[in-house]
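Colleague: Shown below is the structure under consideration.
What follows draws every value from the coordinates through simple rules; no lab data is involved. The shown structure was predicted, so the numbers you read here are calculated from the model rather than taken from an experiment. Note that we place each Cβ from the backbone using ideal geometry, even for glycine, and neighbour counts take in every protein chain shown.
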Amino acid sequence: MAKLIVVTRDGTEHEIEGDTGLTVMENIRDAGFDELLALCGGCCSCATCHVHVETAVGEMPAMSEDENDLLDSTTDRDDSSRLSCQLPFTEAMDGLKVRIAAED
């Protein structure tokens with residue numbers, strides 16, 4: 001398993017073992033981080049799994065138009081913003097560090 005580093009809203013850094021068969025959102029949710037709501041369950045129809053990619057590793061998939069539109073609806077968007085449901089977690093992403101975005 002690959003490592004995924006999750007920074008919670010209070011700035012605490014957590015290192016978890018990520019399952020490479022899941023998305024970044026599913027790994028964060030399954031590890032028990034309640035701050036990441038992921039209300040739509042990964043269907044790219046809300047922005048409640050918004051994260052900031054602090055340390056990108058491996059090849060990140062391109063942002064879709066739908067993801068871009070949803071991120072436009074958030075108040076905490078910046079150049080590092082992604083929807084974690086749209087990021088398949090792969091072995092190449094070992095060491096990926098994301099920060100859970102502020103709640104809208």
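Colleague: How far apart, in nm, are the 7 Å Cα→Cβ label points at Cys43 and Asp79?
Modeller: 3.4 nm
Colleague: Suppose only helical runs count, i.e. DSSP H with n ≥ 4. What mean residue ellipticity at 222 nm does that imply for the chain under -39500 (n - 2.57) per run, divided by all residues and rounded to the nearest 500 deg cm²/dmol?
Modeller: It lands at -3500 deg cm²/dmol.
Colleague: Run the dipole for the chain about the Cα centre, Lys and Arg Cβ at +1, Asp and Glu Cβ at -1, nothing else charged, and hand back the magnitude in debye, nearest 20.
Modeller: Approximately 120 debye in magnitude.
Colleague: Suppose we look only past 18 Å in the calculated P(r) of the range 50-93. What percent of the Cα-Cα pairs does that tail hold?
Modeller: Tail of the P(r) past 18 Å holds 23 percent of the pairs.
Colleague: Considering the zone a paramagnetic label at Glu15 would reach in this model (a point 7 Å from Cα along the Cα-to-Cβ line), which residues of the range 29-46 have amide N under 19 Å from it?
Modeller: 31-33
Colleague: When only C-alpha pairs under 8 Å and at least 6 residues apart count, what is the relative contact order of the chain, in percent?
Modeller: Values: 209 pairs, mean separation 41.4, N = 104.
Relative contact order comes out at 40 percent.
Colleague: Go ahead and run the numbers for FRET between Thr55 and Asp34, Cβ-Cβ distance against an R0 of 22 Å, rounding to 0.05.
Modeller: Working: r = 23 Å, r/R0 = 1.05.
Efficiency for this residue pair is about 0.40.
Colleague: When N counts the residues of the range 23-102, how does its alpha-carbon radius of gyration compare numerically with 2.2 N^0.38 Å, as a ratio?
Modeller: The value comes to 0.98.
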